[in-house]
Amino acid sequence: MDDRRVDDRRVDDLSLAALGFGDVPAEAPLTYPGRPVTTPTLLTGGELHPLDLTLLERYRQRHPVIAVGSNASPAQLHHKLSRPGHPATVPMVPVLVHGIAVGCSAHIGRYGYVASAPYGDAAARTPLVVSWLDDAQLDAVDRTEVPNYQRARLPGAEFPMVLPSGERLDAAYLYVSTHGVLTAPGDGGRPLPGGGDQSALLARLLASSARLRDLLGPDPAAWVGRAGADAAVRTAGTRLFHDEGWARPRGHDPLSTLLSREP
């Protein structure tokens, strides 16, 4: 029997569920952003296989795409990219990105959660995940991100991106929120950290706004239920973020300069 390991654990069943990656944020919004990979991994056929980084060469014609939210979760990526008879195959590798921090997009997404979004911070050194997508997969992910996010090319010369092997990427794609990022209520305009517990995030926002409680309360479960079921509620909630003064304009972010360049 092969000595196969994922996340330093020996396993015989490499399915997403068996490895603890079963939660799909699109289906269970309060699990957002899902569980990310933490070691080089090949997602294929709904399974996770350890990936020798020397094998990345066979995927070099693909597009490296950095995930700051649920696209780092193999369960979410499998959900987005696979269809009956055509399971996705995607290399997913941890990467340390300089100059990028993770906040919260100033909008409510179609599944009812408040998704993560990157913003520029020169001092940040952030562990993220890069996936290599083929043309069809990139188009599929684009369709799940646009119009709330815009795909931008992140240059390695300005934002170093370091793989576990020490290799640096020349460039990678990154999805930047078209809504800007949320600032922390009552915290002097600092970006609200993203990528954490979704229930805690929604509870904090509800506690900070009576109008949000009227629209989406009283609790996180009610929030995702109402917002996920009604686009008008999502639009109204997004507008309240701006009315409350919580949305940092995109022009205040160093990443805004990337959006004017060709991806």
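The values are calculated or read from the model by the stated rules, or taken from the named source; none is laboratory data. Given the structure is predicted, the values throughout are model-derived calculations rather than measurements. A quick note on method: Cβ atoms are made from the backbone with ideal geometry, for glycine too, and the neighbour counts reach across all protein chains shown. Each accessible area value is taken on the protein alone, full model and side chains, heavy atoms only, with ligands, DNA and RNA left out. Shrake-Rupley method; radii C 1.70, N 1.55, O 1.52, S 1.80 Å.
Assorted remarks:
- Angle between the chain longest axis and helix 220-229 axis [Cα atoms, degrees, rounded to 10]: 80 degrees
- Alpha carbon Rg of the range 93-190, scaled by the compact-globule rule 2.2 N^0.38 Å: 1.13
- In the range 1-144, Cα pairs under 8 Å separated by at least six residues give a relative contact order of 26 percent.
- In loop segments of the range 151-247 as defined by DSSP, there are no trypsin sites (Lys or Arg not before Pro) with at most 15 further C-beta atoms inside 10 Å of their C-beta.
- Spin-label pair Thr257-Ala18: with each label point 7 Å from Cα along the Cα-Cβ axis, the two points sit 4.9 nm from one another.
- Taken along the Cα-to-beta-carbon direction at a fixed 7 Å, the label points for Thr54 and Ala184 span 4.6 nm.
- Carbon + sulfur, % of accessible area of the range 157-263 - ligands and nucleic acids excluded, 1.4 Å: 49 percent
- Against the chain, whose longest principal axis is taken from its Cα atoms, helix 135-145 shows a tilt of about 20°.
- Pairwise label distance in nanometres, Gln61 with Arg213, each label 7 Å out on the Cα-Cβ vector: 5.8 nm
- The range 159-224: chymotrypsin sites (Phe, Trp or Tyr not before Pro) in DSSP coil with no more than 10 other Cβ atoms inside 10 Å: none
- Of the accessible area of the range 12-128, computed with a 1.4 Å probe over protein heavy atoms only, carbon and sulfur atoms account for 54 percent.
- Local charge for His252 was computed over the other residues whose Cβ lies under 15 Å away, with Lys and Arg +1 and Asp and Glu -1, and equals +1.
- 1.4 Å probe accessible area per residue over the chain, in Å²: 45 Å²
- Asp121 contributes an accessible area of around 60 Å² to the protein surface, as traced by a 1.4 Å probe with all chains present.
- Rel. contact order, % - alpha carbon contacts under 8 angstrom, at least six apart, the range 62-165: 38 percent
- Here is the list for the range 26-69: trypsin sites (Lys or Arg not before Pro) lying in DSSP coil, each with at most 13 other C-beta atoms within 10 angstrom of its C-beta, are Arg60.
- Rg over Rh [alpha-carbon atoms, Kirkwood Rh] for the chain: 0.97
- Segment His242..Asp197, full-extension length gain: 14.0 nm, with 0.36 nm per residue of separation and the alpha-carbon distance subtracted.
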